[in-house]
Structures are given as structure tokens and as C-alpha cells.
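The values are calculated or read from the model by the stated rules, or taken from the named source; none is laboratory data. Worth saying up front: this structure is predicted, and the values here are computed from it rather than measured. Neighbour counts are summed over all protein chains in view; Cβ atoms, including those assigned to glycine, are modelled from backbone coordinates with ideal geometry.
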Amino acid sequence: MKLNGEVLKRKFLNGSLGLTLISIVLGFLLGAIILLVAGFNPLEAYWVILKGIFSRSKYISYVIIYATPLIITGLSVAFALRTGLFNIGAEGQYIMGAIMAAAAGYFFKLPLILHVTLAVGLAVIVAAIWGGLAGYIKARFGVHEVISTIMLNWIALYFSNFVVTLKVFGSQGTGKSYAIQSTARINLLSDWKISEAGIEFIRSHKVLGDILKTPINAGIIFAILLAVLVWYILNKTTLGYELRAVGFNPHAAEAGGINVKKSMVISMLISGGLAGAAGAFQVLGVSHRIAKLAAMEGYGFDGIAVSLIGNNTGPGSVFAGLLFGALKYGGSKIQDAMQAPTEVINIMIGTIILFVAMPKLIRLILTILERRAKN
Amino acid sequence: MTAIDFSQKIVEMIDVVKKFGDFVANDRINLTVHKGEVHSLLGENGAGKTTLVNCLYGLYRPTQGRIRIKGQEVEISDPNAAIQLGIGMVHQHFMLVDTFTVTQNIILGRETTKMMGVLDIARAEKKVAEISERYGLAINPRDKIQDISVGSQQRVEILKALYRGAEILILDEPTAVLTPQEIQELVMIIRNLTQEGKSIIIITHKLHEIKQVADYCTIIRRGKFIDTVEVDKVTEQELASMMVGREVSFAVEKKAQQKGEQILAIQDLVVKDNRGIAAVNGLNLTLHKGEILGIAGVDGNGQSELVEALTGLRKVAGGSITLRGKEITGSKPKEVINRWNIRTIPEDRQKRGLVMEFDVAENLILETYHDTPFSVRGMLNRDKIYAYADHCTQVYDIRPTNPYLTAKSLSGGNQQKVIIAREVSNDPEVLIASQPTRGLDVGAIEYVHTALVNQRDRGKAVLLISFELDEVMNVSDRIAVIFEGKIVGIVDAIGVDENEIGLMMAGGTP
């Protein structure tokens with residue numbers, strides 16, 4: 001009977017979609033208990049969240065805006081994981097991407113498409129180097145990527161805080177960089193929105209106008225394109241084949257003639273580049289500048305959860321990122337509606353996410369243990 | 001000679017059934033062991049021998065059936081309960097801490113202590129020495145595990161079981177890791193144990209060992225109880241037929257050899273192991289077309305390092321490797337595979353041979369994915385890949401014939417077929433086969449041997465590395481013996497004397 005249970009467990013843990021849905025439901029149940037303990041009516045709270053996500057087109061638009069960077073950092077983490085690397089450094093790579101995008105957006109003066117391409121391109125390159133560095137350190141010196149990327153995260157954070165104090169980059173004392181040029185922004189119809197016709201349109205069209213009131217931008221389109229790209233690289237190219245082989249079994253990959261060290265560096269380069277793109281789109285589409293950070297913003301760390309929930313695939317990251325964004329945005333609504341402190345809301349969201357990600361984590365741990373036992 | 005006391009039944013397993021889901025691993029097996037008896041369990045891989053002893057040792061609970069120990073019906077819930085009942089087991093893979101001494105290993109988990117939980121090593125050491133003396137185990141309680149031979153480590157495992165009061169010892173494939181001489185020592189130890197009234201259950205598929213050491217033999221085939229026989233009254237042939245269920249030929253069928261020119265030459269090769277010690281230390285060897293050169297030797301004499309050096313996985317510290325007179329020392333794995341066309345059946349198929357999570361097709365192209373038609377300019381061509389895999393599963397009889405199945409879901413024999421398909425289908429100049437039949441059953445072994453012989457008959461060179469002396473002697477044309485990183489002797493396989501090779505394997509000179 002022992003093995004029967006084993007088989008069942010395995011089937012359960014491996015059935016991705018069904019399992020994810022069950023975990024989401026369980027997560028919400030546990031979140032409800034936490035709300036109850038904190039003295040809030042969970043049904044009311046969930047209703048507020050639901051309304052806060054879906055009741056107005058503006059809200060949906062915000063969910064998408066919240067989700068965009070999470071989807072992309074999720075892709076970043078997922079890509080590295082498929083090669084067997086745990087990129088905790090998406091956070092730092094995101095920051096490096098954001099710095100480069102803000103700098104390129106402010107210092108250059110170019111036509112729109114060219115300017116955006118340049119800003120994103122530079123951000124991706126610098127962040128790719130930032131990620132690739134961790135890959136190189138691992139390949140060359142055997143330093144585990146978790147260690148090196150954590151340190152690189154801090155370097156990136158302090159570097160970011162340093163550059164905003166530079167006179168050429170930001171006005172003194174504000175702790176913010178100068179806003180990027182309008183040609184570097186990827187917001188939709190931003191000029192037209194403040195024209196008279198635009199204001200009139202927003203006033204008279206409820207649904208569309210609502211959406212236009214938000215900093216809606218092209219980031220989500222790029223995020224989806226990147227998700228497709230990640231899926232394509234991993235599944236359709238020889239590069240993806242190599243990376244997956246290394247991720248599953250580096251010993252067999254090496255014996256088969258694949259350069260394992262090179263694969264690690266390439267994987268971290270691409271992973272870093274993706275996280276950098278997330279930072280770039282956030283700057284070009286939402287914040288338009290970078291600011292001094294008291295702590296890490298967590299886009300990269302959230303990407304770990306997004307990747308796990310999304311089963312480390314491209315399409316999975318899109319949906320997981322949207323779920324994550326929705327919870328973050330919808331959850332914030334409880335504060336006003338029910339006077340719930342943010343801490344309680346964050347604990348609730350954290351619980352839900354933890355629960356959703358946990359079976360994947362358990363499975364991940366199982367696979368690693370299994371592999372270790374084998375070697 | 002025999003020490004059996006027929007009046008005392010120590011172990012009785014009656015109609016034991018063990019099911020895993022719908023799969024019946026043991027179907028009404030009966031086993032009776034008397035005091036002082038050596039009872040061997042014989043069966044092919046996957047026949048259910050290990051499952052049966054695991055039921056006895058408390059690792060599994062039988063689905064049905066009864067177990068009696070010394071006449072008492074018992075439920076053995078876990079290994080601790082088994083130990084309490086006087087059952088000890090020596091696993092195939094030793095469970096020892098390398099950096100601990102013999103005594104520390106033996107008392108691990110049941111440390112003898114003085115007051116306040118302070119270890120009383122001295123007392124434990126004395127007891128270990130006593131037991132060692134009594135059964136002729138020749139173990140120094142203060143030696144560290146990492147400093148003693150594999151044979152000694154096995155004796156430490158036996159000692160551990162005895163220390164815990166074992167009356168019944170289960171030995172799981174005990175001879176797989178031993179030299180012929182060490183096997184003889186083990187036989188002596190087993191005799192000492194039975195003289196002292198211990199009972200032994202020994203799992204093996206080596207027939208001549210059963211003949212040599214066992215009193216009774218129970219044969220299991222595909223989970224079913226076939227028979228229990230008195231070993232003296234049957235021949236090895238009869239045992240084999242009962243095990244496999246058909247007549248088997250032990251000899252590998254080979255045509256007369258057409259030995260060709262020299263193709264691979266290894267000169268003064270030095271390769272260091274992970275600790276920086278020269279595991280291969282001045283090794284010389286030549287390999288010719290149309291021959292199978294077998295390398296015999298006990299595990300840990302540099303075989304793995306030699307193969308890793310030849311395949312480019314490990315750095316060569318000195319000497320040279322030449323292919324057709326061309327220096328290939330220091331080539332990367334990819335060059336060795338794709339440029340020099342030297343292919344390898346690795347010793348650990350799950351670690352080095354296969355990406356277990358990949359499907360059969362993806363595993364089949366592991367060394368050729370970058371070539372047309374499998375990919376064009378970096379884009380994989382799935383149609384071509386799976387068409388090729390379909391072809392391979394048929395030609396190489398990989399079952400089930402479904403290229404979309406993951407390697408993980410295949411049996412060991414079929415996993416090995418995937419590797420053989422991959423390595424042989426490109427018609428390699430040199431085929432290195434390292435432990436190619438480890439853990440395989442008789443049918444799969446025949447398949448692998450035929451594949452090797454086919455390569456040879458097509459005028460290609462095969463280097464066979466195996467710890468199984470029988471295999472080396474049966475399959476090879478020439479036999480080289482490796483000892484401490486050197487080739488200590490090369491003989492023709494025809495008319496070879498097993499004892500002569502055994503002596504060389506242990507470092508002696510014939």
C-alpha cells in the first residue's frame with residue numbers, strides 16, 4: 001500500500017494545472033483563516049478584492065500594469081531554473097535594467113521607436129552582463145549562483161541609490177532621477193490624453209476613458225512576446241535543448257558533448273537580460289524615473305514565486321504574473337474599504353502565494369534530493 | 001561439513017505475497033531457513049528477490065502471508081524490529097561513514113555510553129575486536145573506513161550486524177564488488193558463521209557461487225516461487241534454466257576474429273582522481289580494429305578515470321592517447337564524440353548516459369542534435385527527430401515502442417538499449433563499453449553482448465570495461481588486467497585461466 005500512496009502522491013504533484021488550481025483554492029481558504037483571526041470578515045474582504053479587480057475597467061488596467069514586471073521577472077527566473085540555476089538575482093538585474101533605461105531615456109534625444117529600442121536594448125545588455133557575471137563566477141570558480149546573485153543584488157541596489165545622487169542625473173535632495181524624455185515612454189496615447197480632444201474623450205467614454213486614466217503602456221505586449229520567445233527558445237531551438245539537458249542532468253549533458261559551463265553562462269545572460277527588460281519597461285511605462293530605494297522593491301523576488309506558480313514555463317509565467325498582480329492590486333483595496341492594516345493584507349497575500357507555490361517548491365526539493373541521492 | 005540443525009527452523013516465510021498496486025512482486029513465496037544453513041535466493045533482476053528479503057527485514061510489509069522467526073509468528077514493522085528479532089542485513093551498497101573508524105561506524109545509532117552519555121569507545125572497541133576474532137573477520141576496530149579495502153568494508157557491515165546480535169544474516173549480492181580472492185575469504189567467513197550457528201540468506205545470480213557456498217537454493221522467477229532445491233543435487237545448467245525459464249547458453253556466440261590494424265594507442269597515461277591522486281598511473285594499452293579488448297579489474301583501480309580521460313571528461317595529467325597515430329589527448333567530449341567518433345556506453349547510465357526527464361527521442365539525439373537533419377541553423381526539426389526515434393525503437397527493440405516516453409519510465413534494460421542505439425548507430429571507430437550490463441537481467445545482457453560482438457564483427461574496435469570477470473572472459477578477444485592504475489598483464493581470452501587473472505586483479509604476478 002505504501003507504494004500505492006507514493007504513486008498517487010507523484011501523480012498529484014506532477015499534474016500541473018489541476019494541482020495549481022487546487023492550491024490556489026486552498027491558499028484562499030488559509031488566507032481567510034488569517035483574516036478571521038485578525039478580526040476581519042474574509043468573505044467581505046474577498047468580495048472587496050474581487051470588486052477591486054474586476055468592477056471597473058480602470059482596475060483591470062491597473063492589474064495588468066502591476067502584473068507586467070512580475071511576468072517578465074517570472075520569465076527570467078523560470079529560464080534560469082530550466083537550466084538548473086536558481087536566479088535569486090533577478091532583483092538586482094531588474095535594478096540594473098531600470099538604471100540603464102532611466103539613463104538612456106533621459107540623456108539621449110532620439111525619435112520614439114529608436115529611443116525606446118535603445119533604452120530597452122542597453123538595459124537588457126547591462127542586466128544580462130549582471131546576470132551572466134553570476135553564471136561566469138559559477139562556471140569559473142564554482143561559486144553557487146544563489147550566493148553570488150544575492151551579493152550582486154546589494155551592489156545593484158546601492159549603485160542605484162548612488163547614481164540618483166549624481167548632479168547630472170537627478171536634482172539634489174529629491175532622491176529621484178530626472179524624468180525620461182517623452183520619446184522614451186511606452187505609454188499609450190500619452191500626448192493625446194492631455195490634449196483637449198483627449199480630455200473630452202475620456203470624459204464621455206466611460207469604459208475606455210477609465211482605462212486611459214491609468215498609465216496603461218505597451219509593457220504587457222512586450223511581456224507576452226517575451227513569454228512566447230522564452231517558450232520558443234526552450235522548446236524549439238538547439239540552444240534550448242542544450243539548456244534543458246544541462247538543467248535536468250548536467251553529467252549526461254557533459255558526457256554527450258554539451259559545454260555545461262558555457263550553457264550556465266548563456267542561461268544566466270538570458271535570464272539577466274529578461275529581468276533587465278522588466279526594469280526597463282517599468283521605467284519607460286510607469287515610473288519614468290528611478291528613485292532612491294530604502295529596500296529592494298521585490299519585483300525580482302516576486303518573480304521567483306511567479307515562476308514557480310507558472311511551472312517555469314513562458315505561458316505559465318503570464319498567468320501567474322497576472323494572478324500575482326491582481327492580488328497585489330486588489331488586496332490593497334481592503335485597506336480603504338475595511339480599515340485593515342497593510343500588514344494583515346500582506347500576510348494574507350503572502351499566505352495565498354506561499355500556498356500556491358508550495359507544492360512546486362516541495363516538488364523542486366524532491367527532485368533535487370532525488371538527484372543528490374543518485375549521485 | 002554442513003552445520004545445519006534441521007530441528008530448528010529459524011526463518012519461515014509462508015505464502016508471502018507483496019503487491020505494489022496491481023503489480024505482484026512476490027506471489028506466494030515460501031522460504032524456510034534452518035539454523036546453520038546457507039540459503040541462496042536465485043532469480044533474474046526484478047524477479048522479486050530483494051522485495052522478499054525487504055519484507056523479512058521490515059522495509060516492506062507483506063500484502064499477505066506469514067513470517068515466523070524461531071517458530072514465533074511475527075510482524076516486522078521496520079528494520080529496528082527486524083534487528084530486535086536477530087535479523088541483520090548487509091546491503092549491496094555499504095552504509096558506512098568514510099571518515100569514521102570501524103568501531104564508530106558499528107556503534108552508530110546504538111552507542112555504548114558511560115555515565116552522562118559519554119561515549120565508551122574503549123568498551124565498544126573491545127567487543128568489536130572479540131567478534132572479529134571469533135568469526136575470522138580480520139578487522140582492526142580502529143581503522144578508518146576510507147583506509148580499508150572494499151572487502152574489509154563488507155566485513156565491517158557483517159560485523160555491524162553481528163554486533164547487534166544478528167542470528168540471521170541477509171547478504172544482498174555480496175560478491176559483486178569483490179575480487180576472486182576476496183570472494184574466497186568471504187566463503188570462509190560464511191562457513192565460520194554457520195559453524196557458530198548463524199543462518200545466512202544470500203542473494204546472488206552467480207551460479208558457481210551458489211554451488212560453492214549454499215546448502216539450499218530457492219528460485220524465484222517473475223515474482224513466482226519456482227522451487228527450493230538442495231544445491232548439491234543440481235547442476236549450474238539446471239539452476240540457470242529454472243531461473244530463466246528456458247535453456248540458456250552461457251557462451252557468447254562469436255565468429256572467428258578478423259583482427260585489423262591498430263587504431264587506438266594509450267601511452268604512459270596518467271589521470272588524477274578527484275582527490276588529486278593518480279588513479280591511472282602510467283597505463284599502456286593498444287586497441288585494434290575488429291577486436292574486443294576487455295579490461296578486467298576490481299572496482300576502484302582506475303577504470304572510471306581511464307574512461308573519463310578517453311572521453312574527454314577528465315583532464316589527462318600525463319602521457320598520450322592517439323587515434324590512428326593522431327594525437328587526441330586533451331580533446332573535449334564533443335570532439336571525442338563527433339570528430340573522432342569514439343562513442344561510449346557509460347558505467348552509470350542514469351547519471352552519465354541519459355537525461356531521465358527527456359523522452360526517448362530527445363535522449364537519442366543527445367550527441368547529434370546539432371547536426372542536420374535533427375536541426376537546421378539552431379532550430380530543432382521535431383518531425384525528423386521523432387521519425388528517427390521511431391526507427392531506432394524498432395531497430396533496437398526499445399520497449400515500449402514509443403519515442404515520447406521519458407527515459408525514466410523505461411526499464412533498466414530498455415534504458416540501456418536507448419544508449420546503445422545512440423552510441424552504435426553512428427558506426428563508431430571505437431566503442432567504449434563501461435559496465436554495460438550492470439544491473440541488467442540475462443536477456444538484456446545477451447542483447448548488450450550481441451551488440452558489442454556485432455561492432456567487432458564489422459571491423460570496429462570495442463573496449464570493454466567490466467568488474468564481472470565472467471563477462472570479460474566471455475566477450476573479449478584479449479583481456480587486459482588493470483591494477484592500481486596500470487595494466488599488469490594482457491592475455492588472449494582463448495584458453496585463459498580464471499585464477500591467473502584473479503591473481504593479477506589482486507596485484508599478484510602469475
From the option list B:L171, B:L162, B:L178, single residue qualifying as surrounded by 14 or more Cβ atoms within 10 Å (Cβ to Cβ) and in a helix (DSSP H, G or I) is B:L162
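In region B:307-321, which residues are touching a residue at least 40 places away in the same chain (Cβ under 8 Å) and outside any strand (DSSP E or B)? It would help to see each step written out before you state the result.
Initial filter on region B:307-321 (touching a residue at least 40 places away in the same chain (Cβ under 8 Å)): B:307, B:309-311, B:314-321.
Of everything in region B:307-321, those that are touching a residue at least 40 places away in the same chain (Cβ under 8 Å) and outside any strand (DSSP E or B) turn out to be B:V307, B:A309, B:L310, B:T311, B:R314, B:K315, B:V316, B:A317.
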Picking from B:A256, B:A214, B:A279, B:A296, the residue that is modelled with pLDDT under 85, of a type in the set (G, A, S) and either under 20 Å from B:E471 (Cα atoms) or under 22 Å from the mean Cα position of the chain (by Cα) (or both) would be B:A256
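Yes/no per residue for (1) assigned to a loop (DSSP other than H, G, I, E, B); (2) farther than 15 Å from B:L42 by Cα; (3) of a type outside the set (F, W, Y); (4) out of contact with any Ser or Thr (no Cβ under 8 Å at 6 or more places or on another chain):
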{"residue": "B:E209", "(1), (2), (3), (4)": "no, no, yes, no"}
{"residue": "B:C217", "(1), (2), (3), (4)": "no, no, yes, no"}
{"residue": "B:D227", "(1), (2), (3), (4)": "no, no, yes, no"}
{"residue": "B:S241", "(1), (2), (3), (4)": "no, no, yes, yes"}
{"residue": "B:K259", "(1), (2), (3), (4)": "yes, yes, yes, yes"}
{"residue": "B:I263", "(1), (2), (3), (4)": "no, yes, yes, yes"}
{"residue": "B:N281", "(1), (2), (3), (4)": "no, yes, yes, yes"}
{"residue": "B:G294", "(1), (2), (3), (4)": "no, yes, yes, no"}
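Would you confirm, using the coordinates I've provided, whether A:N312 is part of a helix (DSSP H, G or I) and either of a type in the set (V, I, T) or within 14 Å of chain B (Cβ to nearest Cβ) (or both)?
Values: part of a helix (DSSP H, G or I): no; either of a type in the set (V, I, T) or within 14 Å of chain B (Cβ to nearest Cβ) (or both): yes.
For A:N312, the condition - part of a helix (DSSP H, G or I) and either of a type in the set (V, I, T) or within 14 Å of chain B (Cβ to nearest Cβ) (or both) - is not met.
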From the option list B:K254, B:K198, B:K206, single residue qualifying as more than 24 Å from B:T175 (Cα to Cα) and buried (at least 16 other Cβ atoms within 10 Å of the Cβ) is B:K254
Among helices (runs of 4 or more DSSP H) completely within region A:1-65, the ones holding 1 or more residues that are surrounded by 15 or more Cβ atoms within 10 Å (Cβ to Cβ) and at pLDDT 85 or above are A:16-37, A:42-54
With criteria (1) modelled with pLDDT under 85; (2) closer than 30 Å to A:N41 by Cα, A:G321 comes up short on (1)
Practice problem: Would you confirm whether any residue within region A:322-339 is surrounded by fewer than 22 Cβ atoms within 10 Å (Cβ to Cβ), within 30 Å of A:V168 (Cβ to Cβ), in contact with a helix residue (DSSP H, G or I) (Cβ under 9 Å, 6 or more places away or on another chain) and charged (D, E, K, R)? | Solution: no
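Quick check: anything in region B:323-335 within 14 Å of chain A (Cβ to nearest Cβ), surrounded by 17 or more Cβ atoms within 10 Å (Cβ to Cβ) and either in contact with a helix residue (DSSP H, G or I) (Cβ under 8 Å, 6 or more places away or on another chain) or at pLDDT 95 or above (or both)?
Checking region B:323-335: at least one residue is within 14 Å of chain A (Cβ to nearest Cβ), surrounded by 17 or more Cβ atoms within 10 Å (Cβ to Cβ) and either in contact with a helix residue (DSSP H, G or I) (Cβ under 8 Å, 6 or more places away or on another chain) or at pLDDT 95 or above (or both).
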When region B:289-321 is checked residue by residue, the ones that are surrounded by fewer than 21 Cβ atoms within 10 Å (Cβ to Cβ) and either among the basic types (K, R) or within 26 Å of B:E498 (Cβ to Cβ) (or both) are B:K289, B:G290, B:D299, B:G300, B:R314, B:K315
Over region A:197-251, the set of residues closer than 21 Å to B:S375 by Cα, hydroxyl-bearing (S, T, Y) and within 21 Å of the chain's Cα centre (by Cα) is A:Y232
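Residue-wise test of (1) assigned by TED's automatic domain parsing to the domain that holds B:G325; (2) within 27 Å of B:H288 (Cβ to Cβ); (3) part of a strand (DSSP E or B).
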{"site": "B:Y386", "(1), (2), (3)": "no, no, no"}
{"site": "B:D390", "(1), (2), (3)": "no, no, no"}
{"site": "B:T393", "(1), (2), (3)": "no, no, no"}
{"site": "B:R399", "(1), (2), (3)": "no, no, no"}
{"site": "B:P403", "(1), (2), (3)": "no, no, no"}
{"site": "B:K408", "(1), (2), (3)": "no, no, no"}
{"site": "B:I420", "(1), (2), (3)": "no, yes, no"}
{"site": "B:A433", "(1), (2), (3)": "yes, yes, yes"}
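Identify, from the list A:G285, A:G279, the residue that is in a helix (DSSP H, G or I), in contact with a strand residue (DSSP E or B) (Cβ under 7 Å, 6 or more places away or on another chain), more than 14 Å from every other protein chain (Cβ to nearest Cβ) and within 28 Å of A:A80 (Cα to Cα).
Numbers: A:G279 fails: in contact with a strand residue (DSSP E or B) (Cβ under 7 Å, 6 or more places away or on another chain).
After ruling out the rest, the residue left standing is A:G285.
Kindly indicate which of B:Q212, B:Q184 is of a type outside the set (K, R) and in contact (Cβ under 8 Å) with a residue 12 or more places away in the chain. Talk me through it step by step, then tell me what you get.
On the way: B:Q184 fails: in contact (Cβ under 8 Å) with a residue 12 or more places away in the chain.
Of B:Q212, B:Q184, the one residue that is of a type outside the set (K, R) and in contact (Cβ under 8 Å) with a residue 12 or more places away in the chain is B:Q212.
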The number of residues in region B:470-500 that are part of a helix (DSSP H, G or I), at pLDDT below 90 and either acidic (D, E) or surrounded by 21 or more Cβ atoms within 10 Å (Cβ to Cβ) (or both) is 4
Note on B:N363: of the conditions (1) touching a Leu at 6+ places or on another chain (Cβ under 6 Å); (2) more than 11 Å from chain A (Cβ to nearest Cβ); (3) part of a helix (DSSP H, G or I), unmet is (2)
Inside region A:214-245, the number of residues satisfying the requirement of being out of contact with any Leu (no Cβ under 9 Å at 6 or more places or on another chain) and facing chain B (nearest Cβ under 9 Å) is 2
Of the residues in region A:213-237, those that are in a helix (DSSP H, G or I) and surrounded by fewer than 20 Cβ atoms within 10 Å (Cβ to Cβ) come to A:K213, A:I221, A:I224, A:L225, A:V228, A:L229, A:W231, A:Y232, A:I233, A:N235, A:K236
Per the filter on region B:328-356, residues farther than 26 Å from B:N274 by Cβ and not polar (S, T, N, Q) are B:R339
When every residue in region A:66-100 that is among the β-branched types (V, I, T) and part of a helix (DSSP H, G or I) is compared, the one farthest from A:A227 (Cα to Cα) is A:I99
Do we find that B:D371 is within 12 Å of chain A (Cβ to nearest Cβ), under 30 Å from the mean Cα position of the chain (by Cα) and acidic (D, E) in this structure? no
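Just name the residue that is surrounded by the most Cβ atoms within 10 Å (Cβ to Cβ) out of those in region A:247-265 that are hydrophobic (A, V, I, L, M, F, W, C) and more than 9 Å from chain B (Cβ to nearest Cβ). Please lay out each step first, then the result.
Taking region A:247-265 first, the residues hydrophobic (A, V, I, L, M, F, W, C) are A:248, A:252-253, A:255, A:258, A:260, A:264-265.
Applying the additional criterion that residues be more than 9 Å from chain B (Cβ to nearest Cβ) yields A:260, A:264-265.
Values: A:V260: 18, A:M264: 27, A:V265: 20.
Within region A:247-265, the match that is surrounded by the most Cβ atoms within 10 Å (Cβ to Cβ) is A:M264.
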Inset, instruction - Test B:T406 against the stated conditions and say whether it is within 15 Å of B:F358 (Cα to Cα), out of contact with any Lys or Arg (no Cβ under 6 Å at 6 or more places or on another chain) and surrounded by 15 or more Cβ atoms within 10 Å (Cβ to Cβ). - result: yes
(1) more than 30 Å from B:R324 (Cβ to Cβ); (2) among the aliphatic types (A, V, I, L, M); (3) surrounded by 15 or more Cβ atoms within 10 Å (Cβ to Cβ) all hold for B:A387 apart from (3)
The number of residues in region B:51-75 that are in contact (Cβ under 8 Å) with a residue 12 or more places away in the chain and within 14 Å of chain A (Cβ to nearest Cβ) is 9
